[in-house]
Structure formats: structure tokens, C-alpha cells
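Reading through the C-alpha cells given below for one structure.
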Amino acid sequence: MKNITLSVVLATLLVGCVQVPQESLSQQSKLAISSVRDIPVSYAQGSEFSLAPKYVKETSLKPAQTQAIYKLYADAIVADLEQHGFISKPLAGEVKFHVGFGVALTDDLPDETINEKFGVSPGLPESDGLEKGSFLIYIEDALTGKRVWRGAVQGFAHLDISKEERKQRAENIVASVLKQFYATN
């Protein structure tokens, strides 16, 4: 009986925390992804959600740059969740869950702070000459205020790509991490 219980506990731990490094052609395009399910709450298709962006207090980016990046990620989150049957509500009123998210460069939000405050970090190693960035996202139950799921993605910032490439990259990052939410929902 103890072996069965231990097996169930180990299986639960393995399912709860997943790290999926993405294979790529170059160090610059690598992504590291982690997520964890905090409580066993699921949401049916048709459930309504609202966005709750979180900003780093001090950032090395200009306010206009920060707003542009957050808009890219907000649009990607809404599009991906809607594609999976959820409904976006601009006001946080009568929704089933909130989607909190943040985007930051390592200089503004180091791995130690992510681990301490968020509890999930993919652990992408630093690379000479490349600036690492993080995308953090979580699902919070609107009724209880408890976090249901958290995900984090780390990759290297691409400052020299077009607006369309930036949009596509944000969509790929969001889809990659939310894929792990859908798998446990």
C-alpha cells in the first residue's frame, strides 16, 4: 500500500511541474518553459476571463516600449484563450478567472526574484552577448482569489526584428506556455 501511495505522490509531483526546453537552431532562439498547477480547478469552454497585467516597478525600457510589449502579449493571450473556447471580458466583473502576466528583462527581474516571488522559473542559462527576458503568466480563480496555474518562459530578447516578427514571437511564446495549462485543465 505504501508503494502505491508513494507512486501516486511521485506521479502527481511530476505532472505538477513541467519543464520543456524548446529545441532550436541557435542559442538566440532557445526558449525554456516551466509551469505548475497549484489547485485542481478546471474551466469549461465558454468560461469568461479578464486580463490583469503586472508591471515591474523599475524597468530599463522606456514606458512606450513597455506598453508596446505588453500589448503584444495581451493580444496573444486573448487570441490564444479565445481560440481554445474561452471568452475575454474587458472588465474584471463577472468572470471565472483572471489571467495575470508580466514581461521583463533579466536586468529588471532577475531569476532569484522570479523564484522568490513567483515560485516557477525555467532556468534558462545566461549567454554572453545576449539579453535574457522572462514572460510570466498565471491563472487566478475569480471566486476564491487563489492561483490555479502558473507558467514561465525565458528566452533571449530580439531587438533587431520587425514588428511582425515580434508579434509572431509573442504568439509562439504564449501558445507554448498555455499549451501546458490546457493539458492540465
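The values are calculated or read from the model by the stated rules, or taken from the named source; none is laboratory data. Everything numeric here is computed off the predicted structure, so don't read it as measured data. Cβ: placed from backbone, ideal geometry, glycine included. Neighbour counts: every protein chain shown. Surface accessibility is based on the protein's heavy atoms, side chains included, excluding ligands, DNA and RNA. Shrake-Rupley method; radii C 1.70, N 1.55, O 1.52, S 1.80 Å.
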Original post:
So how compact is the stretch 28-183: Cα radius of gyration and Dmax in angstrom?
Top reply: 15.1, 47
**OP:** Just order 139-152, 158-171, 119-132 by mean Cβ neighbour count inside 10 Å, highest at the front, would you?
**Re:** 139-152, 119-132, 158-171
Original post:
Nearest 20 debye, what's the magnitude of the dipole of the stretch 55-185 about its Cα centre given +1 on Lys and Arg Cβ and -1 on Asp and Glu Cβ?
Top reply: 460
Subject >> Sequence-distant residues sharing a close amide H with PHE86 (under 5 Å, placed H) >> reply: GLY46
Original post:
Hey, any idea what % of the stretch 28-183's accessible area is carbon plus sulfur with a 1.4 Å probe?
Top reply: 53
Original post:
Which stretch or stretches of the stretch 104-122 have amide N atoms under 11 Å from the point lying 7 Å from LEU61's Cα along the Cα→Cβ direction?
Top reply: 104-106
**OP:** Return the distance in nm (one decimal) between the two label points of a simple spin-label model at ALA52 and LYS117, each offset 7 Å from Cα along Cα→Cβ.
**Re:** 1.5
**OP:** Express in whole angstrom the spacing between the alpha-carbon centres of the stretch 159-185 and the stretch 85-109.
**Re:** 14
